[in-house]
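Visitor: Before I ask anything, here is the structure I am working with.
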Amino acid sequence: MDTIWLSVSAGSGPEECAHAAALTVQAMLREIQGRAKTDITISVIESENAREKGNIRSALLALEGKGAKTFADSWTGVIQWIWQSGYRPHHKRKNWFVQVRPFAEPELGELFYPTDVRFETARASGPGGQHVNKTETAVRAVHIPTGKSAVARGERSQLMNKKLALARLASLFEDEQADKEKQSRSALRHSHWELERGNPIRVYDGETMKLKEKKNDF
C-alpha cells in the first residue's frame, strides 16, 4: 500500500497562520473520521510547534488507503481561514492562509539518478528527544553531485523514512527548477504565494471551523 505524505505549513506567516495550520490538521482528521465508510488512515508523523500552545508552524501527515490520493488532492493548495485575531484583537486583518503540499516518491531518472543518491542512517529520537530507538530508523538522503540533502525520521521503519527522505529531496529539485523560471528565488516565492492566496482551494470560518467554500470534491 502506497503512502502519501501531506505537508501543512504556516510558512513565514504570523502566529494566526500557525493557529490556522493547527486548525487545518484538525479539519483533515475530522473529515476522515466523520465519513461513515472510509478505508483511509491518517496520522501526524512530524510537527513543529509554534510560539502559542497548540499552534504549529508545520506538520507532516501520512495517508494510506484506497481513497488517500483523492483526499490529498482535495486538500492540496492554499487553505484560507477567516476570523478576528485573538492575539491582536484590534488588528484589521481577518484572513489567514496555510499551504498544503504533497510529497511523493520521484520517478526514477526524472529529477536525478538513484545512483547519485547516498543514504545515511541514524537513530531517531522519540517525543521530545527523551527516548532513542534501538534501531537506526532516521534516514538522510544525500545527492552526491550537488550535496543537497533531506532527512526523514518520523516514520516507524527505515524503509518508509528512506522513501520520505527521497521524496523530500525530489521536492528540493522541483523547487529549484521552478525558481530557475523566474529571475530570482524571492520574486518567485512572493509572486507564487500572492497568486495562491488569491485562489484558495478551501475557505473556512475560523470561529466555527465550518467549511464556507470548496473548489473540488472528495
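Visitor: I'd like to know if the stretch 61-82 contains one or more residues that are in contact with a His (Cβ under 8 Å, 6 or more places away or on another chain), at positive phi, in a loop (DSSP other than H, G, I, E, B) and of a type outside the set (S, T, N, Q).
Guide: No, the stretch 61-82 contains no residue that is in contact with a His (Cβ under 8 Å, 6 or more places away or on another chain), at positive phi, in a loop (DSSP other than H, G, I, E, B) and of a type outside the set (S, T, N, Q).
Visitor: Here are some residues: 57, 35, 101. Which one is more than 30 Å from residue 144 (Cβ to Cβ), modelled with pLDDT of 90 or more and either of a type in the set (Lys, Arg) or in the same structural domain as residue 172 (by TED's automatic domain parsing) (or both)?
Guide: 57
Visitor: Across the stretch 133-174, what is the total count of residues that are closer than 20 Å to residue 48 by Cα, among the basic types (Lys, Arg) and in a loop (DSSP other than H, G, I, E, B)?
Guide: 2
Visitor: What are the pairs with Cβ atoms under 9 angstrom where one residue, in the stretch 199-218, is not assigned by TED's automatic domain parsing to the domain that holds residue 70 and surrounded by fewer than 11 Cβ atoms within 10 Å (Cβ to Cβ) and the other, located anywhere, is assigned to a strand (DSSP E or B) and modelled with pLDDT under 90? Sequence gap at least six, or different chains.
Guide: none
Visitor: Could you tell me how many of the residues in the stretch 46-103 are crowded, with 16+ Cβ neighbours inside 10 Å, charged (D, E, K, R) and in contact with a Leu (Cβ under 9 Å, 6 or more places away or on another chain)?
Guide: The number of residues fulfilling the criteria is 1.
Visitor: Is it fair to say residue 53 is under 24 Å from residue 165 (Cβ atoms), among the basic types (Lys, Arg) and either in contact with a strand residue (DSSP E or B) (Cβ under 8 Å, 6 or more places away or on another chain) or not in a helix (DSSP H, G or I) (or both)?
Guide: The answer is no for residue 53.
Visitor: So how many residues does the stretch 139-156 have that are small (Gly, Ala, Ser) and at pLDDT below 90?
Guide: 1
Visitor: On to the next question. Looking at residue 31, is it in contact (Cβ under 8 Å) with a residue 60 or more places away in the chain and surrounded by fewer than 20 Cβ atoms within 10 Å (Cβ to Cβ)?
Guide: yes
The values are calculated or read from the model by the stated rules, or taken from the named source; none is laboratory data. Computed from a predicted model, the values in this text were never measured in an experiment. Note that we place each Cβ from the backbone using ideal geometry, even for glycine, and neighbour counts take in every protein chain shown.
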